[in-house]
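**Q** Provided herewith is a single structure, encoded as structure tokens, for subsequent inquiry.
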Amino acid sequence: MKELFFSREFAFIHDALVKQYCLTAPFNPPEAYPEIPLFGKTDKNNLIYPMMRTLFQKLSLDKENIDTSKWNPFKEIIKPGNIVLIKPNLVTPYHYLGESARYSTIVHGSVLRPIIDYAALALKGKGSIIIADNPLEHVAFRDILEITGIETMVSNLMKDGHIDIPIQVLDLRPRILKETKNGRFCHEAQAGDPLGYLTIDLGKSSLFSNFDDDPEIHYYTLADRTIDHLDPRYTGESQTDRYHNPNSHKYVVSKSVLNADVIIDVAKMKTHCKAGTTLTLKNMIGMVYLKDCMPHHRPGLPPKGDSFSHYPASHYVSARKLYRSLRHKIQIHRFPGFRALRNYLQKKKILISQHVEHGNWEGNDTIWRTILDLMRIAIYADKEGVMKDSPQRTFFGLIDGIVAQHGNGPIAGEHVIASIIFGGFNPVVVDCLAIKAMGINPQAVKSVSKAAEIEKWKLIPENFDISLPGVELPQYNFRLPNGWS
């Protein structure tokens with residue numbers, strides 16, 4: 001039911017005894033449940049499955065049939081014949097702190113297993129399930145599937161006949177970044193989205209249209225492609241300017257996302273150096289394969305730019321240029337432990353001339369616009385990429401906070417055992433729930449605080465208070481990234 005998108009309904013489940021994921025694929029439930037046929041053995045170590053099941057019950061999904069063989073929690077969300085897209089955060093399987101922190105970065109397969117089971121139950125043998133994401137461009141997708149157990153899980157479910165509808169696992173990237181022997185990088189083509197991609201131009205309805213009257217505004221994505229932007233005299237254009245300029249605001253979107261009838265957005269509970277947090281709203285950035293069309297920050301100082309609050313000292317610029325030169329000439333990044341040492345020194349503030357750049361600070365006024373533009377596309381664009389006045393697909397959001405991450409997230413922060421999962425039908429509402437639990441001021445997270453200002457293709461229920469007054473939650477003291485107060 002697409003009207004559920006404007007629901008304030010949400011729930012969370014917290015169990016302090018659950019401190020890790022089940023690591024044995026296919027992540028069978030710890031006991032037989034009346035509504036789900038059990039194939040294979042139970043797994044007493046899987047505490048994630050009953051947490052997810054309890055969350056669905058707390059959301060009052062198919063309330064009248066709970067704890068009976070007729071219980072079908074997704075029956076109002078998923079109809080037989082639907083295409084269900086499960087969009088987990090699969091950004092990278094690596095972390096410089098090693099295995100202990102790895103699962104704070106990425107959604108684990110044991111979280112997806114009950115979603116698959118109940119989605120298949122609602123489909124009744126008609127339709128399909130797609131698990132898809134767009135990881136960092138240099139990451140090997142096979143490593144992600146192995147570390148999360150997703151590949152083994154899906155293979156076992158299909159082979160054992162437990163799931164009677166097709167399940168696809170898709171790497172939506174049509175190209176990946178490979179490192180050559182001389183330390184350089186080049187792009188290598190791969191299959192990508194089997195349905196291809198669509199370019200959607202939001203034009204004057206984009207949240208970037210506020211800048212269209214200023215020809216001096218430029219856009220960058222992720223880290224800058226050149227160190228020269230640190231020079232106040234630098235005014236060069238970027239590849240992103242081809243997609244975002246006074247004439248257009250374009251995003252290249254995977255058709256498999258637009259072709260879905262239902263999106264189940266499975267995010268991680270993490271901080272983010274540019275956005276403050278990366279939850280269900282930010283997770284939909286994975287629907288875009290071409291990084292160049294997603295502005296992350298603008299070169300220069302506010303108000304035209306937001307790369308940093310002040311220009312760095314000249315010796316810092318010189319040191320950065322030297323580092324990049326050494327990176328290519330002697331490949332210092334390949335030295336064992338180099339990344340771990342670099343991040344440790346940054347954490348301890350030992351490195352000289354630290355400077356916040358690339359929009360990695362609370363003054364970033366760019367990334368939230370990209371986030372909210374893309375969520376509006378995910379909800380309101382039809383299968384041909386045409387924006388409509390009403391929601392075009394059903395949305396259900398989940399945030400995995402079993403092992404969360406704070407500090408310099410989303411991929412270099414410290415892990416936190418939070419033992420919590422959030423769920424609901426509206427991404428802004430669900431994100432506010434997690435933000436409140438994280439102990440972060442929701443006004444500082446522009447992807448939620450600015451959502452209420454959107455007049456076209458709305459993302460928030462009427463009169464919704466992002467501070468969630470009266471909602472009691474476990475309280476964590478998440479540390480924000482460097483550059484955030």
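The values are calculated or read from the model by the stated rules, or taken from the named source; none is laboratory data. Keep in mind that this is a model prediction, so the values were computed, not measured. Here the Cβ positions follow ideal geometry from the backbone for every residue, glycine too, while neighbour counts run over all protein chains shown.
**Q** Looking at segment 337-388, which of the residues that are assigned to a loop (DSSP other than H, G, I, E, B), at pLDDT 90 or above and among the β-branched types (Val, Ile, Thr) is surrounded by the fewest Cβ atoms within 10 Å (Cβ to Cβ)?
**A** Among them, the one singled out is VAL386.
**Q** Still on this structure, please answer the following. Could you tell me how many of the residues in segment 73-84 are crowded, with 17+ Cβ neighbours inside 10 Å and either in a loop (DSSP other than H, G, I, E, B) or out of contact with any helix residue (DSSP H, G or I) (no Cβ under 6 Å at 6 or more places or on another chain) (or both)?
**A** Total satisfying the criteria: 8.
**Q** Right, another one. I'd like to check something: does segment 430-437 contain any residue that is farther than 22 Å from THR54 by Cα and of a type outside the set (Val, Ile, Thr)?
**A** no
**Q** Next up: Do we find a residue being under 21 Å from LYS270 (Cα atoms) and either in contact with a helix residue (DSSP H, G or I) (Cβ under 8 Å, 6 or more places away or on another chain) or of a type in the set (Gly, Ala, Ser) (or both) anywhere in segment 44-58?
**A** yes
**Q** Scan segment 275-282 and tell me whether some residue there is outside any helix (DSSP H, G or I), modelled with pLDDT under 95 and either within 25 Å of GLY439 (Cα to Cα) or over 27 Å from the mean Cα position of the chain (by Cα) (or both).
**A** no
**Q** Among the residues of segment 85-115, write down those that are under 19 Å from the mean Cα position of the chain (by Cα), at pLDDT 95 or above and not in a loop (DSSP other than H, G, I, E, B).
**A** Result: LEU85, ILE86, LYS87, PRO88, GLY109, SER110, VAL111, LEU112, ARG113, ILE115.
**Q** Within segment 245-274, can you find the residues that are of a type in the set (A, V, I, L, M, F, W, C), assigned to a helix (DSSP H, G or I) and in contact with a Pro (Cβ under 9 Å, 6 or more places away or on another chain)?
**A** Correct list: empty.
**Q** If you don't mind, there's one more thing I want to ask. Just to be sure, is THR235 in contact with a Ser or Thr (Cβ under 6 Å, 6 or more places away or on another chain), β-branched (Val, Ile, Thr) and either modelled with pLDDT under 95 or part of a helix (DSSP H, G or I) (or both)?
**A** In short, no.
**Q** To continue, here is another question. Would you please list the contacts, defined by Cβ atoms under 8 Å and residues six or more apart or on different chains, that run from a residue in segment 1-25 that is more than 22 Å from TYR49 (Cα to Cα) to a residue that is among the charged types (D, E, K, R)?
**A** MET1/GLU76; LYS2/ARG393; LEU4/GLU76; PHE6/LYS458; PHE6/GLU462
**Q** While we're here: With respect to LEU47, determine if the residue is over 22 Å from ILE130 (Cα atoms), at pLDDT 95 or above and crowded, with 17+ Cβ neighbours inside 10 Å.
**A** Yes; evaluated as a whole, the condition is true for this residue.
**Q** Residues of segment 29-67 being part of a loop (DSSP other than H, G, I, E, B), in contact (Cβ under 8 Å) with a residue 60 or more places away in the chain and not charged (D, E, K, R), which ones?
**A** Across segment 29-67, the qualifying residues are PRO29, PRO37, PHE39, GLY40, ASN46, LEU59.
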